[in-house]
1. Looking at region 175-193, can you tell me whether even one residue there is among the aliphatic types (A, V, I, L, M), surrounded by fewer than 15 Cβ atoms within 10 Å (Cβ to Cβ) and more than 18 Å from Ala264 (Cβ to Cβ)?
2. Quick one: Ser197 ticks every box in (1) surrounded by fewer than 20 Cβ atoms within 10 Å (Cβ to Cβ); (2) over 25 Å from Asp137 (Cβ atoms); (3) within 23 Å of the chain's Cα centre (by Cα) bar one, so which box is it?
3. Across region 93-133, which residue is surrounded by the fewest Cβ atoms within 10 Å (Cβ to Cβ) among those that are of a type in the set (D, E, K, R) and more than 18 Å from Leu50 (Cα to Cα)?
4. Pick out the one residue from Val296, Val274 that is surrounded by 14 or more Cβ atoms within 10 Å (Cβ to Cβ) and either within 22 Å of Pro143 (Cα to Cα) or not assigned by TED's automatic domain parsing to the domain that holds Asn149 (or both).
5. Identify, by number, the condition in (1) touching a helix residue (DSSP H, G or I) at 6+ places or on another chain (Cβ under 6 Å); (2) farther than 30 Å from Val219 by Cα that Arg94 doesn't meet.
6. Give me the residue from region 220-253 that is surrounded by 17 or more Cβ atoms within 10 Å (Cβ to Cβ) and among the polar types (S, T, N, Q) and, out of that set, nearest to Gln154 (Cα to Cα).
7. Ala264: assigned by TED's automatic domain parsing to the domain that holds Asn149, surrounded by 23 or more Cβ atoms within 10 Å (Cβ to Cβ) and either under 15 Å from Leu221 (Cβ atoms) or not aliphatic (A, V, I, L, M) (or both), yes or no?
Amino acid sequence: MNPTFTLLIVDDEKQNRALLTELLQEDYRIILAKDGRQALDRAREHNPDLILLDVLMPEMDGYTVIRELKNDDRTRNIPVIFITALDSAGDEERGLELGAVDYISKPFTPAIVRVRIRNHLQSVHQRRLLEQMAMLDSLTGIPNRRRFNEVLEQEWRRCMRDNAPLSLIVVDVDHFKSFNDCNGHAAGDEVLRRIASTLLASVRRPGDFVARYGGEEFVMLLPGIDSEGAHLLAEHTRADIEAEQIPHPTSDASPWITISLGGATRIPQECAPVAELFCLADTWLYKAKYSGRNRVAWAPDSASPA
């Protein structure tokens, strides 16, 4: 099994924690908690892949812990296996009804515990692969519109907390329909892949985000970058695409494939809807297109040159 999986072992008995650690530490990264409160704190901090949870603990028992986990957006999707001395059918039913994925009675057989953990982590791995695939554009391999909408919401809230600027660039390939009509969709697909690669190469920081919004349209999300810096990055990106010198003889903007870009920068506010930033950048994209294409247009009240 993948050694990068992290397990959180929760048990008030030191001997039990040591036994499970010895059994599992060669295959997984182990985090320990000796009571319910510590378990909740460490689950939120480390986001483990699986929690092994005892039921009989002082102050906060395992049933209370799993209720708290399931009521927290940060931890509700972490699978929980109860490992406990409570072995009645009623105890097991209660644990499963609260959301546990499995229930193992003590004393347990080590080989059985390892197999059950491995099986549950395989399910975790498969679910994550499916989730990742659902968030990726199949043609270009970069995130898709669904993932962009999620990241935009997250970065909007984060920049609002930090009182930081959030810049958004909307990108459109100039005269892409006529390129497809003349060169075929296979050539058009290759152009989209090359543009996605160039856009990715143009961002430098881990928090910067590029996605395919749909068709020949892309988005670039730049948290913490002011309008001047974002406008400059957009202009460099436009020049990089044209420098690829992909022939486009039917374009009136350039002999080569080019892009138009519209941008906006805002410091998010509680009273402003998150969709406003995209609408503003998209409006300025159309200004760039109607002004002749192969250019950047920026919302003027974002303290950037238009």
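The values are calculated or read from the model by the stated rules, or taken from the named source; none is laboratory data. Predicted, not measured: the structure shown is a model, and the values here were computed from it. Neighbour counts run over all protein chains shown; Cβ positions are idealised from the backbone, glycine included.
1. Looking through region 175-193, at least one residue is among the aliphatic types (A, V, I, L, M), surrounded by fewer than 15 Cβ atoms within 10 Å (Cβ to Cβ) and more than 18 Å from Ala264 (Cβ to Cβ).
2. Evaluating Ser197 over (1) surrounded by fewer than 20 Cβ atoms within 10 Å (Cβ to Cβ); (2) over 25 Å from Asp137 (Cβ atoms); (3) within 23 Å of the chain's Cα centre (by Cα) leaves (2) as the failure.
3. Per the criteria, the residue is Glu93.
4. Numbers: Val296 fails: either within 22 Å of Pro143 (Cα to Cα) or not assigned by TED's automatic domain parsing to the domain that holds Asn149 (or both).
Going through Val296, Val274 in turn, just one is surrounded by 14 or more Cβ atoms within 10 Å (Cβ to Cβ) and either within 22 Å of Pro143 (Cα to Cα) or not assigned by TED's automatic domain parsing to the domain that holds Asn149 (or both): Val274.
5. The failed condition is (1).
6. Applying the filter and picking the extreme gives Ser227.
7. On the way: assigned by TED's automatic domain parsing to the domain that holds Asn149: yes; surrounded by 23 or more Cβ atoms within 10 Å (Cβ to Cβ): yes; either under 15 Å from Leu221 (Cβ atoms) or not aliphatic (A, V, I, L, M) (or both): yes.
It is true that Ala264 is assigned by TED's automatic domain parsing to the domain that holds Asn149, surrounded by 23 or more Cβ atoms within 10 Å (Cβ to Cβ) and either under 15 Å from Leu221 (Cβ atoms) or not aliphatic (A, V, I, L, M) (or both).
One line per residue, one yes/no per condition, for (1) at pLDDT below 90; (2) touching a Ser or Thr at 6+ places or on another chain (Cβ under 6 Å); (3) among the acidic types (Asp, Glu); (4) surrounded by fewer than 17 Cβ atoms within 10 Å (Cβ to Cβ):
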site	(1), (2), (3), (4)
Gln15	no, no, no, yes
Thr21	no, no, no, yes
Ile31	no, no, no, no
Asp41	no, no, yes, yes
Pro48	no, yes, no, no
Leu53	no, no, no, no
Leu69	no, yes, no, no
Pro79	no, no, no, no
